[in-house]
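One structure below.
FYI, it's all coordinate maths here, none of it is from the lab. Remember, it's a predicted structure, so these values are computed and weren't measured experimentally. Here the Cβ positions follow ideal geometry from the backbone for every residue, glycine too, while neighbour counts run over all protein chains shown.
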Amino acid sequence: MKKLTKKLFMLALAIIVSGCSSVGQLNVLSNNNDDFLPTGSLIISRQLPVSNQTFSAAKSDSFYGRFAPLMGFIPPSSELLPALNQTWLEIAIAEQKLSLYQGNEQIFSTDYQGIVNLLQGNYAMQIKQSNPLWYAGDEYFLRRELMVPAVSDPLRLRRGALGRNAIYVTSSFIIHDAPIYSSEVGGIRISSNDMAKIFPYLDLGTLIIIK
C-alpha cells in the first residue's frame, strides 16, 4: 500500500511539473544580486510576455516588471528570522501599531485603522501593488440596491478603494492607504504618507509578524 501511494505521489508530481512546463518556461534566476530577494526567499515565477498591458504599475526594468504573477515562494525557516540585515513588518494588535524593522532596529512606526482578522504568527508578504484594484463582493452591490454582476465581471473591480498602494499579507487581508477606512474593504489602513515610507522596503516574501 505504501509503495502504491508513493508511486501515485510521484506520478502526480510529474504531471504538475510537466503542466508548469507547458504553461511557460520557469525562469532560473541569474547570479546577479539584483535578482535575489534580501529576505532569502526562493521565488518561483515565469517570464512575462511582452505586452503594453502587462502590470503597467510595475516598472519594466524592475524585478516585479519581469517576473509576475507570483506562482509561489518558499520563505526561509522561521527560526532564522529576522536576520540582522533583514527588513520586516510587525503588526501589534493591542497597540494598533504597524512598525518597520531592519533586524532588531525599529526604523518606522505608525498607527493603523481597522481590524486584524488573522491569527497571530509569522506571514510572508504575497504581493504589493501600486494603483491596486479592489474586488467587490456581492454585499457591496446588494447594500446599494444594484444589480449583482457576474463573478468575473470587470464591474467588480474598484479602483481607489485601496488607495495608491496595497500590501497583501494574504489574498484577503490587505494593508492599504485608502482615503478613508471602510469595513467593506477591510484590512488595515495607514496614511499615504506612512505607506510611502515603508512601501519601497518591502519585497515578495517579506516577513510580517502579527502579535
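Assuming 0.36 nm per residue, please report the length gained on full extension of the stretch residue 117 to residue 138 beyond their Cα-Cα distance.
Between residue 117 and residue 138, full extension yields an extra 5.5 nm.
What's the ranking of 205-211, 106-112 by average number of surrounding C-beta atoms within 10 Å, highest first? Can you show the working numbers first?
Details: 205-211: 20.3, 106-112: 14.6.
Those peptides, ordered most packed to least, come out 205-211, 106-112.
Starting from 0.36 nm per residue, how many nanometres of slack lie between residue 97 and residue 109 once their C-alpha separation is accounted for?
Full extension of this stretch gives 3.6 nm more.
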